[in-house]
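Here's the structure we're looking at; comments come further down.
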């Protein structure tokens, strides 16, 4: 397991950032909490009758709801989807215990935040992507301290660990990037990195990334991952089974130089605490 040894060596040098996908939350989530884009699309479709073109895709479904039922309806449905808290798994807790410089959490629940709050001595905070139009300001993200109060993004310079949720989340203030129009704005700017906080850009330059519970079967997911790890120190790893990946996913791993590690996701908690 030379790859595992490499990961642990980089982790112990405090040069490993984590990038979490929805499958990490699925370890402990209740059955009715959506833990994949497909699950979320089904959830939205159960609450609003969707046209065929919007079914199966959460971003298209969200756009239909936003356009026809108002943004407040969409936000209320997202709150309902994640109103049951997801308990931190042993993997969340193992990640928090390492107190890494960056934890990217690409899903909407609050399990990673809760795991961090369980370490009272840790100086940490959170930066979330926000709906650009919704705040009616020229800003792409908001920062929150460990208590959940909004603070200046400049405060993040002093945080030992930054929880970065580029798509937003149910906690602490129900920010969501979810509809097609949300992503059109962000993806228009993300190539020049504007929507990515400067502190994330700064810290990633000395880090590699370990992807856990992620898939890259959608162009939007690939675009976000590509831009978030851009100009990072590397190397990068992903715990996943290459046999289930699409050709686009395999090409993406090769393009951005992510080394796959075929291990059960649940086993990573033990490996990270070894």
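Every number here is computed from the coordinates shown, using simple stated rules; none is lab data. None of these values were measured; they are calculated from a predicted model. Positions of Cβ are generated from backbone atoms using ideal geometry, with glycine treated the same way; all protein chains shown enter the neighbour counts.
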Report summary line: Rounded to one decimal in nm, the spacing of the 7 Å Cα→Cβ label points at residue 2 and residue 155 is 4.6
Report task. Using only the alpha carbons, work out the radius of gyration and Dmax of the chain in angstrom. Result -> 17.6, 53
Requested in this report: Quick one: go through region 103-126 and flag any residue whose amide nitrogen is under 12 Å from the point 7 Å out along the Cα-to-Cβ line of residue 87.
Outcome: none
Requested in this report: Calculate for the chain the 222 nm mean residue ellipticity that helices alone would give, adding -39,500 (n - 2.57) per DSSP H run of length 4 or more and normalising by residue count, nearest 500 deg cm²/dmol.
Outcome: -11500 deg cm²/dmol
Query raised in the report: When the Cα atoms of region 37-81 are enclosed in a convex hull and the volume is divided per residue, what value in Å³ results?
Result: 57
Query raised in the report: Between the helical axis of 180-190 and the dominant principal axis of the chain, each derived from Cα atoms, what acute angle in degrees is found, rounded to the nearest 10?
Result: 40
Query raised in the report: How would you rank 103-114, 176-187, highest first, on the average number of other Cβ atoms within 10 Å across their residues?
Result: 103-114, 176-187
**Report entry** Full-extension gain in nm, residue 244 to residue 68, via 0.36 nm per residue minus C-alpha separation
**Finding:** 59.7 nm
Query raised in the report: Of 246, 121, how do they rank once you tally other Cβ atoms within 10 Å and put the fewest first?
Result: 121, 246
Report task. Once every Cα of region 176-274 carries one equal point scatterer and solvent is ignored, give the base-10 log of I(q)/I(0) from the Debye formula at q = 0.10, 0.18, 0.23 Å⁻¹, two decimals. Result -> -0.31, -0.96, -1.28
Report task. For region 86-241, report the convex hull volume of the alpha-carbon atoms normalised per residue, in Å³, without decimals. Result -> 115
Query raised in the report: To the nearest 0.05, how large is the calculated FRET efficiency for residue 262 and residue 14 if R₀ is 45 Å and r is the Cβ-Cβ distance?
Result: 0.95
